[in-house]
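Take a look at the structure set out below.
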Amino acid sequence: MFKFPSLKTLSDSLVETILRYKWATFIALVKSILLIWLTEIPYTDGAARSQLTRLSFIATLALPLALAIRLSEERQQWKSYLRPTLISLAAILLTAYYFTLDTEPNQTDTYRFLMLLAGAHLVVSYAPFIGTSDKENFWQFNKTLFLQFLNASLYAGTLYIGLLIAVQTVKYLFNINYKFNIELDLLIVVSSFFHTVFFLSKIPAPADFKNDYPVGLKVFTQYVLLPLEVVYLAIIYTYLGKIMFQWKLPEGGVAYLVLAFSVAGIFALLLLYPLRQSMTERWVSIFSRRYYVALVPLIVLLFIGIFRRIIDYGITENRYIVAVLAFWLAGITLYFLSGKRDDIRWIPVTLSILCFLLPIGPWNIFVVAKNSQLKRFEAILVRNQILDSRHQIARQKTVPKQDKDQLVSIIGFFRNRELRGLEPYFAGFKQKDRSDYQYYASMESSLDKFVISDKKENSGLFTNHSSQFAKNAAGISLAGFDHALFIDASEDKVISDGHVELKIEQDGKMWALTRDKKKVTVWNVSDRVNALHAAYGTHAMDVPQDSLVLFHGSYKLVFRSISSSNNSYFYGNGVLFYR
């Protein structure tokens, strides 16, 4: 008869886990507190949110490192001084990393953090086996971690859904409104603390590891993963045959597909690794070798695809990583094809080294990507003779659409990462906060003035003009006006105060003004937007206020901002003054 575990059993298991993994459980608790604190702080408190984000990065990285140290200590039975030494070293490295983070962590900091986190988790997989040649127990150890992670995820997911239903039920039945973000807080507690503790509680001691192979894992890999791999292999080989028949270069995006397929195949083979020596499962060994042979032409396709992408559009962080992984995949494939050497530990070891090396040093992906995009930006400007003697954009030129699109894309690259480097190319550029939309919008506006595409396409064109940063933003005379009607054409199509009515017609192109139901005038807003576009480009936040005013007798419409979408829809907000 099935018996539920008693509260004493559960409490004993919890205490045992905490005592066994003191640092890991403590860090998981601190991480959960930091994340909950972060979710409850208002977005207006940017300094506090940035500080908590940086501390959360440190706690998240510390957790797998603490676990790797503890598991290694258990398996290798270290001398007493080694564990505190490694903990101190990890603390020093994490402290140094903390001070490299931007005061307001941006996309680059997040990208670097995710790479380091991936490397730290990979270290957990092989750290207990450093200095040994025990490949079989290495596989059993990682099999246990993998299955236990899935098990903990199932329990944590079920628990969270149950608690979420309970919270919503209480809200509905008792009309309770929580003053904190209870749904997100519960998610953090369950995913960061409960999941971690449950995962740790089921990791057996080194002496208790079992050398077994789960039947369910074999069935899943043999009858689900591998058939899918064969299907995808056939698809990619068909594509390879197509490009050879047509004798043209592959699409650049094919590199990502080939890499994903290759890594998934290697993962499937790792799941079947213990069966390779079984006399009843000889197909595993044969399939493994033939799989790596089949990868060789695809690796060539991978190199062609990613380097075509780099040649066409320059290096970005993703392309850099894919290019490095292409070399890694080629090395791993040659390693497993070069004889009877099949030490699978090299897979996580080499990947973790890449994760730790690529985000740091002069070769790091962020510096290389930035320099590549800068060189490409300048090369396009030079090729089209847009730069003047001061090396600034000052000559109006019509350029191929592809070149114009790439220039805009490069500005977007710098905007997303809040990077500097493009400023010298723009005359009279005003230094502002890089997180400010106007910082990069003014670059795009200047680019639109001087760089004209040879193919005019309205699709996706969005314009926005405002006097937000204009020197005379408030320099409009209101003498003789005694009434004001606030306008927001993005929200309302008819704005009225009972006497004066402004009606937005023809998707915002025409604004009809009436007073006491008598027509006063019709303003052509689209003409004003087109004039602003011609004078200031697609985006400008420093338009003189007097350029954003429409007159008619005793009526003055003062725009705060005015926008258009695809030259078909027009919006604006401001104030209508009249007497």
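Quick look at the values:
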quantity	calculated
Hits in segment 543-563 (condition: open to solvent by less than 20 Å² (accessible area, probe 1.4 Å) and at pLDDT below 85)	V543, Q545
Some residue of segment 263-275 being β-branched (V, I, T), at pLDDT 80 or above and over 27 Å from I347 (Cβ atoms)	no
Only one of I476, I452, I487 that is modelled with pLDDT of 75 or more and either surrounded by 18 or more Cβ atoms within 10 Å (Cβ to Cβ) or assigned to a loop (DSSP other than H, G, I, E, B) (or both)	I487
The listed residue being open to solvent by 20 Å² or more (accessible area, probe 1.4 Å), closer than 18 Å to F462 by Cβ and modelled with pLDDT of 85 or more, out of K509, K518	K509
Qualifying position, being in the same structural domain as F287 (by the TED database) and within 31 Å of the chain's Cα centre (by Cα), among L233, L150	L233
Output for segment 257-281, where each listed residue is within 16 Å of L302 (Cβ to Cβ) and open to solvent by less than 90 Å² (accessible area, probe 1.4 Å)	V258, L259, A260, F261, S262, V263, A264, G265, I266
Selection count, segment 506-532, where residues are in a strand (DSSP E or B) and free of Cβ contacts under 8 Å to residues at least 12 places away in the same chain	3
Answer from L89, L63, L71 - the residue that is under 25 Å from I36 (Cβ atoms) and either assigned to a helix (DSSP H, G or I) or among the basic types (K, R) (or both)	L63
Condition met for I33 (assigned by the TED database to the domain that holds A68, assigned to a helix (DSSP H, G or I), modelled with pLDDT of 90 or more and open to solvent by 50 Å² or more (accessible area, probe 1.4 Å))	yes
Unmet requirement for I243, which otherwise passes all of (1) farther than 17 Å from L147 by Cα; (2) open to solvent by less than 40 Å² (accessible area, probe 1.4 Å); (3) among the aliphatic types (A, V, I, L, M); (4) not assigned by the TED database to the domain that holds S262	(4)
Number of the exception - A48 against (1) open to solvent by less than 40 Å² (accessible area, probe 1.4 Å); (2) out of contact with any helix residue (DSSP H, G or I) (no Cβ under 6 Å at 6 or more places or on another chain); (3) closer than 30 Å to I130 by Cα	(3)
Filtered residues of segment 309-359 (kept if among the polar types (S, T, N, Q) and closer than 29 Å to P128 by Cβ)	T333, S338, T350, S352
Flag for N573 being touching a residue at least 40 places away in the same chain (Cβ under 8 Å), part of a strand (DSSP E or B) and open to solvent by 20 Å² or more (accessible area, probe 1.4 Å)	yes
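The values are calculated or read from the model by the stated rules, or taken from the named source; none is laboratory data. This structure is a prediction, so every number in the text was calculated from the model and none was measured. No Cβ is skipped: glycine too gets one built from the backbone with ideal geometry, and neighbour counts run over all protein chains shown. These area figures cover heavy atoms from the full protein model, side chains too; ligands, DNA and RNA do not enter into them. Shrake-Rupley method; radii C 1.70, N 1.55, O 1.52, S 1.80 Å.
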